[in-house]
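One structure is given below, encoded as structure tokens.
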Amino acid sequence: MPRKLAAGNWKMNGCSPDLTEARRLREACPDPSVGVLICPPATLLSRLSDLLQDSPIATGGQDCHANGNGAHTGDIAAGMLADAGAAFVILGHSERRTDHAESNDTVRAKAEAAIAARLTTIICVGETKAEREAGDTLKVIAAQLAGSLPDGVTAENTVIAYEPVWAIGTGLVPTIDEIDETHEFIRTHLDARFESDTGEEISLLYGGSVKGSNAAEIFAVEHVNGALVGGASLKCDDFLPIIRALEAS
């Protein structure tokens, strides 16, 4: 069975005082029955990893470079994330694909580097509102999966997050039927591409305006194994109900 994972993406939010929220989460959730992850900005990663050491809450980066080192000012290598305590890295988030013009090939190269550094990748896919309204959602998702996933994907080194671009931070959420259709499509795609039980065992997350009030309904959908949470992961009081809903699912 795919592992359940509640992953928090702090994005470009958080300074030293905000580590208090992670400390509160650790105290409120000392032994979660599901995976819990926080991906802070790079400036906090090492300190957060130290804070959560010997706890079941993992840490991750929000991006990495495809190269292991070199003249890439401002970039971070996958090995550097691991050295700072990260176990995961988010790749191909729509904000990276849009703001930094990242292609599927770019995401794939980064994923190969991350896997080589023994990080678990969370590879994001999702359609824009225009693509949804044009009926192209599944075509877009198929292209992103085909182009972004390396051949060396396993259930241990890769998680897929479906985040409809138009739902991220907007308060808008696809219908349960839409979430169900897309996650079933992703599972079928993975089953067709990868041998053995890999396709069935890869965790699939939903992301896009997930909060405590809608988490239980979303987690009841088949093939939804958790969530990639943005704004609601910044505060313990907002993130904890989502974790509890996943534990109960």
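The values are calculated or read from the model by the stated rules, or taken from the named source; none is laboratory data. Since this is a predicted model, take the numbers as computed values, not measurements. For neighbour counting, all protein chains shown are included, and Cβ atoms are generated from backbone atoms with ideal geometry for every residue, glycine included.
Kindly evaluate ALA245 against the criterion of being more than 18 Å from the chain's Cα centre (by Cα), assigned to a helix (DSSP H, G or I) and not aromatic (Phe, Trp, Tyr). Considered against the rule, which asks whether it is more than 18 Å from the chain's Cα centre (by Cα), assigned to a helix (DSSP H, G or I) and not aromatic (Phe, Trp, Tyr), ALA245 comes out as no. Right, LEU190: in a helix (DSSP H, G or I), in contact with a helix residue (DSSP H, G or I) (Cβ under 9 Å, 6 or more places away or on another chain) and under 17 Å from ALA6 (Cα atoms) or not? Considered against the rule, which asks whether it is in a helix (DSSP H, G or I), in contact with a helix residue (DSSP H, G or I) (Cβ under 9 Å, 6 or more places away or on another chain) and under 17 Å from ALA6 (Cα atoms), LEU190 comes out as no.
Selection within the stretch 49-61: residues that are in contact with a Lys or Arg (Cβ under 7 Å, 6 or more places away or on another chain) and within 18 Å of LEU234 (Cβ to Cβ). The member of this set that is surrounded by the fewest Cβ atoms within 10 Å (Cβ to Cβ) is LEU51.
Among the residues of the stretch 165-209, those identified as crowded, with 17+ Cβ neighbours inside 10 Å, modelled with pLDDT under 95 and not hydroxyl-bearing (Ser, Thr, Tyr) are VAL165, TRP166, ALA167, ILE168, VAL173, PRO174, PHE194, GLY199, GLY208. All of (1) crowded, with 20+ Cβ neighbours inside 10 Å; (2) within 25 Å of GLU156 (Cβ to Cβ) hold for LEU44 with one exception: (2). Filtering the stretch 50-73 to residues that are farther than 18 Å from ALA111 by Cβ and among the charged types (D, E, K, R) leaves ASP50, ASP54.
Checked against (1) out of contact with any strand residue (DSSP E or B) (no Cβ under 9 Å at 6 or more places or on another chain); (2) over 18 Å from PRO2 (Cβ atoms), ALA232 meets all criteria but (1). There is at least one residue in the stretch 73-88 that is within 17 Å of the chain's Cα centre (by Cα) and in a strand (DSSP E or B). Only a single item in (1) hydroxyl-bearing (Ser, Thr, Tyr); (2) in a helix (DSSP H, G or I); (3) touching a Lys or Arg at 6+ places or on another chain (Cβ under 8 Å) is not met by SER46, and it is number (3).
Taking the criterion of being among the hydrophobic types (A, V, I, L, M, F, W, C) and either modelled with pLDDT under 95 or more than 18 Å from ILE122 (Cα to Cα) (or both), the residues of the stretch 220-231 that qualify are ALA220, VAL221.
Of all residues in the stretch 11-41, those that are over 27 Å from THR154 (Cβ atoms), in contact with a strand residue (DSSP E or B) (Cβ under 7 Å, 6 or more places away or on another chain) and part of a loop (DSSP other than H, G, I, E, B) total 1. Screening ALA134, ALA146, ALA142, ALA130 for residues that are modelled with pLDDT under 95, small (Gly, Ala, Ser) and more than 30 Å from ARG47 (Cα to Cα) leaves exactly one candidate, ALA130.
Within the stretch 95-145, the set of residues being of a type in the set (Gly, Ala, Ser), part of a helix (DSSP H, G or I) and crowded, with 23+ Cβ neighbours inside 10 Å comprises ALA111, ALA114. If the condition is being over 19 Å from ALA87 (Cβ atoms) and crowded, with 17+ Cβ neighbours inside 10 Å, then the stretch 19-34 contributes only GLU21.
Check the stretch 141-153 and report whether any residue there is within 18 Å of VAL221 (Cβ to Cβ) and in contact (Cβ under 8 Å) with a residue 12 or more places away in the chain. Looking through the stretch 141-153, at least one residue is within 18 Å of VAL221 (Cβ to Cβ) and in contact (Cβ under 8 Å) with a residue 12 or more places away in the chain.
Of all residues in the stretch 146-162, exactly one satisfies the criterion of being within 16 Å of the chain's Cα centre (by Cα) and in a helix (DSSP H, G or I), namely SER148. Taking the criterion of being more than 17 Å from ILE38 (Cα to Cα) and assigned to a loop (DSSP other than H, G, I, E, B), the residues of the stretch 213-242 that qualify are SER213, ASN214, ALA220, VAL221, GLU222, HIS223, VAL224.
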